[in-house]
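Colleague: Please read through the structure below; I'll follow up with questions.
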Amino acid sequence: MDCQNLVFSRHAIQQMFLRRISKADVQTVVAYGEVLEENLYDKPFPSYLLLDFVEGQPIHVVFSYDESMDTGYVVTAYRPDPNLWTNNFRTRR
């Protein structure tokens, strides 16, 4: 997803720190990741589950987007659990 501004929630920063996921990793996922799920009716903005592989490792980012302000909000980021996702990390088991 292409957005001018990217804002990280407090929750996202805390979880990224605990999970050792960098802001650069998340920026890569937001810029180049595949949209796995769309929740267009989420409030206050539509939200998306994104996937990309950074240095060969899958990362999911939950992201919402305010189109009017061209601003994305990172809600959280995590490495998907292979027990909960199929081998390609695109589909929940």
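The values are calculated or read from the model by the stated rules, or taken from the named source; none is laboratory data. No experiment lies behind these values; they were computed from the predicted model shown. Cβ sites come from the backbone with ideal geometry, for glycine too, and all protein chains shown count toward neighbours.
Colleague: Go through (1) buried (at least 16 other Cβ atoms within 10 Å of the Cβ); (2) over 23 Å from Asn88 (Cα atoms); (3) out of contact with any strand residue (DSSP E or B) (no Cβ under 6 Å at 6 or more places or on another chain) for Val54 and report which single condition fails.
Modeller: (2)
Yes/no matrix, rows are residues, columns are (1) in contact with a His (Cβ under 6 Å, 6 or more places away or on another chain); (2) at pLDDT 95 or above:
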site: Tyr48; (1), (2): no, yes
site: Val61; (1), (2): no, yes
site: Pro80; (1), (2): yes, yes
site: Asn87; (1), (2): no, no
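Colleague: Can I ask one more? Filter region 38-72 for residues that are under 19 Å from Phe17 (Cα atoms) and charged (D, E, K, R) and give the result.
Modeller: Within region 38-72, Asp52, Glu55 meet the criteria.
Colleague: Here's a follow-up. Tell me, which strands (runs of 3 or more DSSP E) wholly within the chain include 3 or more residues that are without any contact (Cβ under 8 Å) to a residue 60 or more places away in the chain? If you could, list the steps in order and put the result at the bottom.
Modeller: Details: elements: 5-8, 34-39, 47-54, 57-66, 71-78.
Correct list: 34-39, 47-54, 57-66.
Colleague: Step by step: first the residues of region 1-26, then only those that are touching a Leu at 6+ places or on another chain (Cβ under 9 Å) and modelled with pLDDT of 95 or more, then the one that is surrounded by the most Cβ atoms within 10 Å (Cβ to Cβ). Which residue is that? Working first, answer last.
Modeller: Residues of region 1-26 touching a Leu at 6+ places or on another chain (Cβ under 9 Å): 1, 23, 26.
Cutting the leftovers down to modelled with pLDDT of 95 or more gives us 23, 26.
Working: Lys23: 14, Val26: 25.
Among those that are touching a Leu at 6+ places or on another chain (Cβ under 9 Å) and modelled with pLDDT of 95 or more, it is Val26.
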